[in-house]
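These notes are about the structure you will find just below.
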Amino acid sequence: KKGKAAGLPTSEPEGFFGNYYCAAIGGNDDGTREQSSGIEFNSGIVFAGTTVAENCSAIGGGGNGFGEVTINGGIVTAVAATTGTAIGGGIGYSSHGGEGRVNINGGTVYAYNLDNKRGIPSSAIGGAGSSESVGTWGTVNITGGYVYAYSALGTAIGGGSSRNKTGGNAVVTITGGEVIAISNSGAGIGGGTACTGGKASGLNGGTASIIISGNPIIRTGSIGGGETKSPGGKIGSADISISGGDIQAQFVMAAGAKSTPSFTMTGGTIRDSDATDNSEYIHLEKNGGAVYLEDGTFNMSGGTIRDCAGEYGGAVYIKKGAESTEAPSFNMSGGEIYLCKAKRDGG
């Protein structure tokens, strides 16, 4: 159907909205939450697009289904406006969305997850979101290529988010390539956002395990646990390891989640990250240009932090959170920190 009676734009051709919750490339919406694995792109030019009315994942799982996607080459563009993902797990609403497992080894990848009709958040690459259930796992491995990921409502790369429940967890490993990750509401890379539209209290963002090694180039807002919009809720816990890379980001180690976060830096560079300037990449915290440390331990034995800025703590902001059982600790035995500035204290 088309036209006002169906609540759809009159300019679309007949039958254009017949896809419902099936992925454009991938799984069906048959109620079985089937596995959509083995989707692989090695070359060529691929465009997968779905509309707001369809609420479909572009590449990956069908309704509530698991989606595994591998990209080795070519130019792959995925555009969706969905509670699912542009690339990864299938959509969710009353029940959970599908888990996403995405491997990018080469090629050029553009993934856009735009605003959907009911404002239910999800990732661009990774796990799917839901309205009434928790966000789902997102496992993303990037070894090469160029990756641009944008999410209007959830995490750009990582766990699925939820409108009324907790955010989904994420495991993200980046060892090469160039990665641009932009989120308008949550972590750029990490756990899913919790409770973006509900009123339930005490719901935490998703946890995240982040490994960055080799020589990737990464440009994003915040990396770590998922954001929360829930009153009394906490940013999700994060375990982070950096041994290489050229990174523009704020790493967030927040207090109050179920597990204590940890951050180890033995190499790589964190640079040009301004926590108070969110014009391009949104940061979860205004303090700590490179690292926001509220709980756990940050061990730095190598690498460089430079040219970062924050309201307090131009490079590293350290403050015990109300829920922390012990004061956070920063142990520096090597590496360099220089040319960082604070608008107030702690340059």
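Numbers for the structure displayed
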| read-out | value |
| --- | --- |
| Failed criterion for residue 102 (all others in (1) part of a strand (DSSP E or B); (2) open to solvent by 10 Å² or more (accessible area, probe 1.4 Å) hold) | (2) |
| Filter result for the condition that a residue is in a loop (DSSP other than H, G, I, E, B), on the phi < 0 side of the Ramachandran plot, modelled with pLDDT of 90 or more and touching a Lys or Arg at 6+ places or on another chain (Cβ under 7 Å), over 90, 65, 97, 84 | 65 |
| Every pair of residues 6+ apart whose Cβ atoms lie under 8 Å, when the first sits in the stretch 140-158 and is modelled with pLDDT of 95 or more and assigned to a strand (DSSP E or B) while the second is open to solvent by 30 Å² or more (accessible area, probe 1.4 Å) and of a type in the set (Asp, Glu) | 146/178; 147/178 |
| The stretch 206-227, subset aliphatic (A, V, I, L, M) and within 16 Å of residue 292 (Cα to Cα), residue surrounded by the fewest Cβ atoms within 10 Å (Cβ to Cβ) | 210 |
| In the stretch 255-289, the residues that are in contact with an Asp or Glu (Cβ under 7 Å, 6 or more places away or on another chain), open to solvent by less than 50 Å² (accessible area, probe 1.4 Å) and not in a strand (DSSP E or B) | 255, 256, 261, 275, 276, 284, 287, 289 |
| Which numbered condition residue 56 misses (of (1) buried (at least 19 other Cβ atoms within 10 Å of the Cβ); (2) modelled with pLDDT under 95; (3) outside any loop (DSSP other than H, G, I, E, B)) | (3) |
| Scope the stretch 290-339; condition open to solvent by less than 20 Å² (accessible area, probe 1.4 Å) and of a type in the set (A, V, I, L, M, F, W, C); matching residues | 290, 291, 293, 298, 300, 305, 308, 315 |
| Looking only at the stretch 38-53, and only at residues there that are surrounded by 15 or more Cβ atoms within 10 Å (Cβ to Cβ) and in a loop (DSSP other than H, G, I, E, B), the one that is farthest from the chain's Cα centre (by Cα) | 53 |
| Out of 260, 269, 297, sole residue that is modelled with pLDDT under 90 and closer than 23 Å to residue 213 by Cα | 260 |
| Those strands (runs of 3 or more DSSP E) lying entirely in the stretch 161-254 with at least 1 residues small (Gly, Ala, Ser) and over 30 Å from residue 334 (Cβ atoms) | 178-183 |
| Pair list, Cβ < 6 Å and 6+ apart or interchain, from the stretch 159-177 residues that are in contact (Cβ under 8 Å) with a residue 40 or more places away in the chain to residues that are aromatic (Phe, Trp, Tyr) and assigned to a loop (DSSP other than H, G, I, E, B) | 168/137; 169/137 |
| Search result, residues across the stretch 136-178 that are of a type in the set (A, V, I, L, M, F, W, C), touching a Ser or Thr at 6+ places or on another chain (Cβ under 9 Å) and within 23 Å of residue 41 (Cβ to Cβ) | 140, 142, 147, 149, 156, 157, 170, 171, 172, 174 |
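For every residue, the table says whether it meets (1) outside any strand (DSSP E or B); (2) free of Cβ contacts under 8 Å to residues at least 12 places away in the same chain; (3) within 11 Å of residue 287 (Cα to Cα); (4) β-branched (Val, Ile, Thr).
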site	(1), (2), (3), (4)
305	no, no, no, yes
312	yes, no, yes, no
317	no, no, yes, no
321	yes, no, no, no
327	yes, yes, no, no
330	no, no, no, no
334	yes, no, no, no
337	no, no, no, yes
345	yes, no, yes, no
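The values are calculated or read from the model by the stated rules, or taken from the named source; none is laboratory data. Here the structure is a predicted model, which means the values were calculated and not measured. As a convention, Cβ positions derive from the backbone with ideal geometry for all residues, glycine included, and neighbour counts pool all protein chains shown. These accessible areas exclude ligands, DNA and RNA; they are computed on the full protein's heavy atoms, side chains included. Shrake-Rupley method; radii C 1.70, N 1.55, O 1.52, S 1.80 Å.
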